[in-house]
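Working notes, beginning with the structure itself.
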Amino acid sequence: MNANNQIKTHFDNKVIITFILVFILSCGLLAFKKSNEIDCSVFDFNTDTKHYMVDNVITFSETSGKAYSWRWYFGDGSDISYKSKELHSFNKPGTYKVKLLINETCEIEKTIKVLPKPVVEVKEALLVNFEAPDRVEQGEIVEFVDHTEGAETWEWKFGENSKVDSKDKNPRYKFSTIGVKTVSLIINGDKKNRAFKDIVVVAKTGKPKTKKTSTVKSIPLDTLPKVVIEEKALVVAVKSISEDELERLLYSVSDNKISLINFKNQFCLDNAPKVRVNSDSRFMTLEQFYKSIKNKGIKIRQVKIYKDKDQCIETIYVSFKYKTFF
């Protein structure tokens, strides 16, 4: 056979090694890709509510524990957020597509419907209007008359305890203690619809008297000026106060429940009594005695009164001590 017609085949060893290296590298890359492939089915996001409303803050969160990056798109033109938990609110009602991109690969999309805020009817405050006397006697039946337009319910407190004393429209009440009582009326269970009135309760005289009543009207708080009211002395003298009634009156002074003027009004105004305290032989005025026990806890041992021929108290003897914590 002619040597020129023979075909000689020769493989270079370098080519074979190159092919082997390329094959090994490709297998390695394929294995690496498979090992790092992300299963997007494990991801999801949640909200802290199922009812979405305008301006309500909603918490969006992703808690798989397998994510390392997040991108939130809320579909309302707001900025992208990059946290696993995001607080967001929508300022307009409508349907929004919320998207979350996790690890730059997995995309989760949910559609939420944001409802408008319900319209809350704001009721205007009523003008509370009731009639009550300015001054009554202890144990006297007192009538209260309400004229408030639009009133449906009533809560009366007559100032002798913290309870609601009556839920009638026009109640009747007897005051069991003397002093200044603050009467309050709340209409329709709303504290915006409230009015107050001070009534002076004096010891029973047993004499006929002319009742004086006045009408109380509430004033809106935002229009109420800051006014200092100067209390005026009442002109009717009380002459028949007993020792027990005086003792209760002194406790009212001690508890800061009665003013100086109304305290002095319990006695004959043209002949105010002098006061002697404990073992002190000196006398003090009513005003001095009032200031000495006002707003100070006291424990009364004995009260004695001495009257003149007109039954006005001219001298008071009081034995008491101040309360202490020990």
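Miscellaneous remarks
- Residues being touching a residue at least 40 places away in the same chain (Cβ under 8 Å) and out of contact with any Cys (no Cβ under 9 Å at 6 or more places or on another chain) - total across segment 42-59: 8
- Inter-residue pairs, beta-carbon under 6 Å, first free of Cβ contacts under 8 Å to residues at least 12 places away in the same chain and in segment 75-97, second open to solvent by 50 Å² or more (accessible area, probe 1.4 Å) and among the charged types (D, E, K, R), 6+ apart: Ile80/Arg71
- Selected residue (criterion: surrounded by the most Cβ atoms within 10 Å (Cβ to Cβ)) from residues of segment 141-173 that are in a loop (DSSP other than H, G, I, E, B) and β-branched (Val, Ile, Thr): Thr148
- Filter result (within 36 Å of the chain's Cα centre (by Cα) and of a type in the set (Ser, Thr, Tyr)) within segment 49-83: Thr49, Tyr52, Thr59, Ser61, Ser78
- Members of segment 178-195 found to be open to solvent by 50 Å² or more (accessible area, probe 1.4 Å) and more than 12 Å from Val128 (Cα to Cα), listed by number: Thr182, Gly189
- Identity of the residue in segment 253-310, of a type outside the set (D, E, K, R), open to solvent by 80 Å² or more (accessible area, probe 1.4 Å) and in a strand (DSSP E or B), that ends up farthest from Lys204 (Cα to Cα): Gln302
- Residue match in segment 196-204 (condition: under 23 Å from the mean Cα position of the chain (by Cα), in a strand (DSSP E or B) and surrounded by 13 or more Cβ atoms within 10 Å (Cβ to Cβ)): yes
- Only one entry in Lys191, Lys174, Lys181 is of a type in the set (Lys, Arg), within 27 Å of Asn262 (Cβ to Cβ) and either touching a helix residue (DSSP H, G or I) at 6+ places or on another chain (Cβ under 6 Å) or without any contact (Cβ under 8 Å) to a residue 24 or more places away in the chain (or both), namely Lys181.
Residues checked against (1) touching a residue at least 12 places away in the same chain (Cβ under 8 Å); (2) of a type outside the set (A, V, I, L, M); (3) out of contact with any His (no Cβ under 9 Å at 6 or more places or on another chain):
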position	(1), (2), (3)
Leu100	yes, no, yes
Cys106	yes, yes, yes
Lys117	yes, yes, yes
Ala125	yes, no, yes
Phe130	yes, yes, no
Glu140	yes, yes, yes
Val145	yes, no, yes
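The values are calculated or read from the model by the stated rules, or taken from the named source; none is laboratory data. Computed from a prediction, not measured in an experiment: that's the story for all the values here. All Cβ positions, even for glycine, are placed from backbone atoms using ideal geometry, and neighbour counts span all protein chains on display. Ligands, DNA and RNA are excluded from the accessible area calculation, which covers all protein heavy atoms including side chains. Shrake-Rupley method; radii C 1.70, N 1.55, O 1.52, S 1.80 Å.
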